[in-house]
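J.: Dumping the structure here so I can ask a few things about it.
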Amino acid sequence: MKTNGVSNSNLFTLHNAGHSPHINSSREVNDVFYFIQDNMDPFFHDITVCNDILADGNIFRLKNQNSSNVTWQAAGGLILENSGNEVTIAWFSNAPEHIVRASGTIRGAGFTYEMNVK
């Protein structure tokens, strides 16, 4: 994984555990199952869905450019331009809050992100 650019990957080995170390002799999940689950869920979420909204003045873009079906919302503002992974927003000066939200899919997984704009 690290050779392929996934720097946050780790290899955990279980000595003499066989192919199903997460199942005990009664065919029930054991502590190893929960260890795998607790480490795999965030890992795969980060490499498949990881997305952030990046701000450059009034232009907001998704960090992951592989996003699709992207929908933007601007609470306290008006979207002036929308090019899928990037929007330009004009903010209302009297709005109680300024929040930009993006939702969509990346490799079939859904995401929703929001950013409070100061």
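J.: Could you list all residues from segment 1-50 that are at pLDDT 75 or above and among the small types (Gly, Ala, Ser)?
T.: Hits for segment 1-50 are SER9, ALA17, GLY18, SER20, SER25, SER26.
J.: So PHE60 ticks every box in (1) at pLDDT 90 or above; (2) exposed (fewer than 15 other Cβ atoms within 10 Å of the Cβ) but one. Which box is left unticked?
T.: Status for PHE60: all satisfied but (2).
J.: So which residues in segment 89-118 are in a strand (DSSP E or B) and out of contact with any Phe, Trp or Tyr (no Cβ under 8 Å at 6 or more places or on another chain)?
T.: Within segment 89-118, ALA90, TRP91, ILE99, ILE106, ALA109, GLY110, PHE111, THR112, TYR113, GLU114, ASN116 meet the criteria.
J.: Please state which of the following conditions ALA74 fails to meet, knowing it meets all the rest: (1) within 28 Å of MET1 (Cα to Cα); (2) surrounded by 12 or more Cβ atoms within 10 Å (Cβ to Cβ).
T.: Only one criterion is unmet by ALA74, namely (1).
J.: Within segment 20-36, is even one residue outside any helix (DSSP H, G or I), surrounded by fewer than 11 Cβ atoms within 10 Å (Cβ to Cβ) and on the phi > 0 side of the Ramachandran plot?
T.: yes
The values are calculated or read from the model by the stated rules, or taken from the named source; none is laboratory data. All figures in this text were calculated on a predicted structure; none of them were measured in a lab. All Cβ positions, even for glycine, are placed from backbone atoms using ideal geometry, and neighbour counts span all protein chains on display.
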